[in-house]
1. Kindly indicate the residue of the range 156-185 that is part of a loop (DSSP other than H, G, I, E, B) and modelled with pLDDT of 90 or more and also most open to solvent (accessible area, probe 1.4 Å) among those meeting that condition.
2. With the condition kept exactly as written, say whether any residue in the range 73-81 is touching a residue at least 60 places away in the same chain (Cβ under 8 Å), closer than 25 Å to D131 by Cβ and assigned to a helix (DSSP H, G or I).
3. Before we move on, is V23 open to solvent by 60 Å² or more (accessible area, probe 1.4 Å), among the hydrophobic types (A, V, I, L, M, F, W, C) and either over 22 Å from V148 (Cβ atoms) or at pLDDT below 50 (or both)?
4. Exactly one of these conditions fails for G74: (1) modelled with pLDDT of 90 or more; (2) surrounded by fewer than 17 Cβ atoms within 10 Å (Cβ to Cβ). Give me its number.
5. Please determine, by comparing only the residues of the range 32-71 that are among the aromatic types (F, W, Y) and not in a loop (DSSP other than H, G, I, E, B), which one is surrounded by the most Cβ atoms within 10 Å (Cβ to Cβ).
Amino acid sequence: MRVEFGRRALAGAVVACAVVASVATSPAAAMGYVSAVANDPFAFAAVLVGLYTVRPFLAWPATLLAAVVGYGYGVTLGVPVALSLVVGTSLIPFYATRWFDGGTLAPTDTPDESGGRLRGRVEAYFGAAGDVRGVTAARLVPIPADIVSCTAAVSGVSTSAFVVGTLLGELPWTIAAVLVGSSAKELSTGGLGSVGLPLGVVTVAAAIALLAGPAYRSYAQSSE
């Protein structure tokens, strides 16, 4: 019990620090620094790794950093690099959530009733959709990437299914962001505005199509 309480207290502290950091830090300032080192391949690579590593703690969108990758590397190299980095750094909140959760709690073990209900719904979602399909569909919807990572972790999604689902779900967002970044004359935080809404509509439609079958089967089973 003491270990569980310690983990929950630490999780609360981490979330609080992330909120403060996301408010206090400026993506625009970081983008300005990246522009200054874009012509130095070693410095640019080091900055990229650093930005992607701190991204989950600052609540920065992965598409913003994918545009940075496209700005420095172009499309051919930028897409695989950005995908590798977003998958790798998505594992940080995924494994952190597993550790905070303890990896052994059942939905009924949570002391907070509303939290237990929420967890039950998340687990029901992955149970109906499947791990890979569930992560893929959630990644296609324009919601914060780290929320998907955390919910997948508490639902017992395997690492391999999480990685595959993240690759598939982040692919269209990454390609679009890298394309925007590769054609940008000046790197900025607003560069994705021209494609954000149309791409969001397309990816949400794709997520609905992916979940239509599992949703129908769940409805049919509940009606029997």
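The values are calculated or read from the model by the stated rules, or taken from the named source; none is laboratory data. All figures in this text were calculated on a predicted structure; none of them were measured in a lab. Glycine also receives a Cβ, built like all others from the backbone with ideal geometry; neighbour counts cover every protein chain displayed. Ligands, DNA and RNA are stripped out before the accessible areas are found, and what is left, the full protein with its side chains, is counted by its heavy atoms. Shrake-Rupley method; radii C 1.70, N 1.55, O 1.52, S 1.80 Å.
1. Just the residues of the range 156-185 that are part of a loop (DSSP other than H, G, I, E, B), to begin with: 156-158, 184-185.
Pick out the ones that are also modelled with pLDDT of 90 or more and you get 157-158.
Details: V157: 0, S158: 46 Å².
In this case the residue turns out to be S158.
2. Yes, that holds for at least one residue.
3. Details: open to solvent by 60 Å² or more (accessible area, probe 1.4 Å): yes; among the hydrophobic types (A, V, I, L, M, F, W, C): yes; either over 22 Å from V148 (Cβ atoms) or at pLDDT below 50 (or both): yes.
Spelling it out, V23 is indeed open to solvent by 60 Å² or more (accessible area, probe 1.4 Å), among the hydrophobic types (A, V, I, L, M, F, W, C) and either over 22 Å from V148 (Cβ atoms) or at pLDDT below 50 (or both).
4. (1)
5. Of all residues in the range 32-71, those among the aromatic types (F, W, Y) come to 33, 42, 44, 52, 57, 60, 71.
If we keep only those that are not in a loop (DSSP other than H, G, I, E, B) too, we end up with 33, 42, 44, 52, 57, 71.
Working: Y33: 12, F42: 8, F44: 20, Y52: 24, F57: 18, Y71: 26.
Top of the filtered list is Y71.
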